[in-house]
Amino acid sequence: MVDSGADVATRSLPLSGVHGGSAAVRLEVAAPAGRISLRVRNEDVSALSAALGVDLPVKPKTSAFANGRTALWLGPDEWLVIDEGNSGLTTAAANSGALHSATDVSHRNTAILVEGPGAVATINVGCPQDLSLKAFPVGACTRTIFGKVEIVLLRTAEDAFRVEVWRSFSDYAFGLLSQGALDAGQ
Amino acid sequence: MLLIHCPYCEEDRSELEFRWAGEAHIARPENIAAISDEEFAEFFFLRNNEKGLTYERWRHIHGCGRFFNAARDTVSDRFLMTYKAGLPKQQVPETGASEKTVETYEATEGDAR
Ligand SMILES: [Zn+2]
């Protein structure tokens with residue numbers, strides 16, 4: 001990062017320094033990531049997929065990963081695209097030449113990684129989703145509810161999930177996950 | 001917990017993810033400036049409030065975000081069927097309840113409107 005003087009605001013990450021988890025579940029704050037909320041009409045999905053370098057999934061509750069980017073189906077014309085690296089997502093989308101709406105929500109969301117044999121029990125403390133591997137296999141994702149806040153849930157492995165949550169709700173989400181992790185660890 | 005079938009997610013989901021959004025199949029008048037106050041009140045304020053089979057809009061707000069239509073029995077709270085927004089009013093399959101046999105406010109108390 002360029003040192004441009006003291007008058008530049010320093011970015012403060014939500015959830016910095018928090019701790020939680022138990023013997024059965026590890027809770028970890030995910031690294032900052034680029035994110036866009038993407039709306040695309042049916043006929044333009046392939047153009048946006050090509051521009052972003054990841055195929056936007058059209059099947060409900062599924063995600064796709066390619067080139068460091070994850071595209072999560074949220075609704076029939078809505079996706080959350082997460083870029084682990086230097087983002088450039090809005091520019092890439094703009095280069096598609098197709099009509100779309102891409103809103104940068106990189107700083108709106110933060111993510112909590114929930115991992116371990118008690119991960120399902122931890123999330124189900126506040127989430128009504130059926131998280132059996134049959135109903136919610138690896139790669140499945142959905143917008144849903146966790147306690148009293150909305151989250152986007154992505155299963156990254158059999159016993160690992162990424163919980164995307166709005167940053168102002170992240171204290172609450174982390175607190176409830178911590179409680180769930182303790183309960184799941186018993 | 002009540003499970004509601006979302007026609008866009010194509011599966012049953014918890015009621016916690018949904019919001020009720022009023023009576024379905026209410027068409028906005030073509031030329032709303034031309035209608036009388038009574039007609040406007042009828043369109044804007046007055047609802048059937050049926051006891052039994054009723055057609056409602058619901059929104060999968062904490063899921064796919066979509067509005068859809070549902071046929072619901074207000075006595076048993078059962079969702080009889082759900083279908084995508086924009087489709088015409090659907091016939092409810094074999095349930096025992098039908099618009100004819102349903103006891104409405106109008107049938108028992110006269111037309112409130
Ligand atoms: Zn849905």
Checklist outcome for this item: Selection from region A:123-139 of residues more than 18 Å from the chain's Cα centre (by Cα) and closer than 13 Å to A:Phe161 by Cα yields A:Ser132, A:Leu133
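Residue-wise test of (1) in contact (Cβ under 8 Å) with a residue 40 or more places away in the chain; (2) farther than 16 Å from A:His19 by Cα; (3) buried (at least 18 other Cβ atoms within 10 Å of the Cβ).
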{"position": "A:Arg108", "(1), (2), (3)": "yes, yes, no"}
{"position": "A:Gln129", "(1), (2), (3)": "no, yes, yes"}
{"position": "A:Phe136", "(1), (2), (3)": "yes, yes, yes"}
{"position": "A:Gly139", "(1), (2), (3)": "yes, yes, no"}
{"position": "A:Thr142", "(1), (2), (3)": "yes, yes, yes"}
{"position": "A:Ala160", "(1), (2), (3)": "yes, yes, no"}
{"position": "A:Asp171", "(1), (2), (3)": "yes, no, no"}
Checklist entry - How many of the residues making up region A:35-55 are touching a Phe, Trp or Tyr at 6+ places or on another chain (Cβ under 9 Å), buried (at least 22 other Cβ atoms within 10 Å of the Cβ) and of a type outside the set (Val, Ile, Thr)? => result 2
Next on the checklist: For region A:32-58, give me the residue count where each residue is part of a helix (DSSP H, G or I) and within 15 Å of the chain's Cα centre (by Cα).
Outcome noted: 0
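Give the residue that is nearest to the ligand (Cβ to nearest atom), with candidates limited to residues of region B:35-67 that are among the acidic types (Asp, Glu) and in contact (Cβ under 8 Å) with a residue 12 or more places away in the chain. Lay out the reasoning, then the answer.
Pass one, region B:35-67, residues among the acidic types (Asp, Glu): B:37-39, B:42, B:50, B:56.
Checking the rest, the ones that are also in contact (Cβ under 8 Å) with a residue 12 or more places away in the chain come to B:42, B:50, B:56.
Details: B:Glu42: 32, B:Glu50: 25, B:Glu56: 16 Å.
This residue is B:Glu56.
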Checklist entry - If A:Ser22 passes every condition in (1) outside the structural domain of A:Gly175 (by TED's automatic domain parsing); (2) at pLDDT 90 or above; (3) surrounded by 15 or more Cβ atoms within 10 Å (Cβ to Cβ) but one, which one does it miss? => result (1)
Checklist entry - How many of the residues in region B:55-95 are more than 24 Å from A:Lys59 (Cα to Cα) and of a type in the set (A, V, I, L, M)? => result 4
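When you look at B:Ala85, is it over 30 Å from A:Val125 (Cβ atoms), of a type in the set (Gly, Ala, Ser), more than 15 Å from the ligand (Cβ to nearest atom) and touching a residue at least 12 places away in the same chain (Cβ under 8 Å), yes or no? Let's see the steps before the verdict.
Numbers: over 30 Å from A:Val125 (Cβ atoms): yes; of a type in the set (Gly, Ala, Ser): yes; more than 15 Å from the ligand (Cβ to nearest atom): no; touching a residue at least 12 places away in the same chain (Cβ under 8 Å): yes.
No.
Is it true that A:Arg69 is over 24 Å from B:Cys6 (Cα atoms) and either assigned by TED's automatic domain parsing to the domain that holds A:Cys141 or of a type in the set (D, E, K, R) (or both)? Show your work before the answer.
Working: over 24 Å from B:Cys6 (Cα atoms): yes; either assigned by TED's automatic domain parsing to the domain that holds A:Cys141 or of a type in the set (D, E, K, R) (or both): yes.
Answer is yes for this residue.
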Checklist outcome for this item: Residues of region A:65-85 being more than 14 Å from the ligand (Cβ to nearest atom) and surrounded by fewer than 19 Cβ atoms within 10 Å (Cβ to Cβ), in sequence order, are A:Phe65, A:Ala66, A:Asn67, A:Gly68, A:Glu84, A:Gly85
Checklist entry - Among the candidates B:Ala71, B:Ala27, which residue alone is more than 14 Å from chain A (Cβ to nearest Cβ) and modelled with pLDDT under 95? => result B:Ala27
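The values are calculated or read from the model by the stated rules, or taken from the named source; none is laboratory data. Here the structure is a predicted model, which means the values were calculated and not measured. Neighbour counts run over all protein chains shown; Cβ positions are idealised from the backbone, glycine included.
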